[in-house]
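What follows is a single structure, written as structure tokens, with notes after it.
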Amino acid sequence: MDSALQWKPHIDEIRRRATKTISALSSLGSSTWGPTLQDMRKIYRGVVVPQIMYACSAWSNTNGRTRNMPYTSRTLAQLQRLQARAARTMSGAYKATSAPALDIETYLLPIE
């Protein structure tokens, strides 16, 4: 493999796809006849989570090299923001609600 291989384009594509799906979930949930929280959670876990976790074993850095760890923590922070946005969409919570509290309320597993 190329030693200069960068996963930034892959992560950007993950963010783009997940953002598009979360926006669709938001428009679906904002209607008065929309799905329940349980249905939205099923949609999220069935569509967005596989989009986020696609090839994560390849791009995540678990070997402990300190040189790449900030990139991995930045990537995790981006994915956590996506999950927090989806949890706010599903639950109808305010933007200031903490992400761990939203994970608990919507029964979502942490991204890590």
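The values are calculated or read from the model by the stated rules, or taken from the named source; none is laboratory data. Everything numeric in this text was worked out from a predicted model, so none of it was measured. Cβ sites come from the backbone with ideal geometry, for glycine too, and all protein chains shown count toward neighbours. Calculation scope for accessible area: heavy atoms of the full protein, side chains included, ligands and nucleic acids excluded. Shrake-Rupley method; radii C 1.70, N 1.55, O 1.52, S 1.80 Å.
Just name the residue that is nearest to Ala18 (Cα to Cα) out of those in the range 81-112 that are open to solvent by less than 40 Å² (accessible area, probe 1.4 Å), out of contact with any Lys or Arg (no Cβ under 8 Å at 6 or more places or on another chain) and assigned to a loop (DSSP other than H, G, I, E, B). Among residues in the range 81-112 that are open to solvent by less than 40 Å² (accessible area, probe 1.4 Å), out of contact with any Lys or Arg (no Cβ under 8 Å at 6 or more places or on another chain) and assigned to a loop (DSSP other than H, G, I, E, B), the one nearest to Ala18 (Cα to Cα) is Ile111.
Scanning the range 20-49 for residues that are of a type outside the set (Val, Ile, Thr), at pLDDT 80 or above and either open to solvent by less than 70 Å² (accessible area, probe 1.4 Å) or touching a strand residue (DSSP E or B) at 6+ places or on another chain (Cβ under 8 Å) (or both) turns up Ser23, Ala24, Leu25, Ser26, Leu28, Pro35, Leu37, Asp39, Met40, Arg41, Tyr44, Gly46.
Selection of the range 50-69 for residues being polar (S, T, N, Q), modelled with pLDDT under 85 and assigned to a helix (DSSP H, G or I) yields only Ser57.
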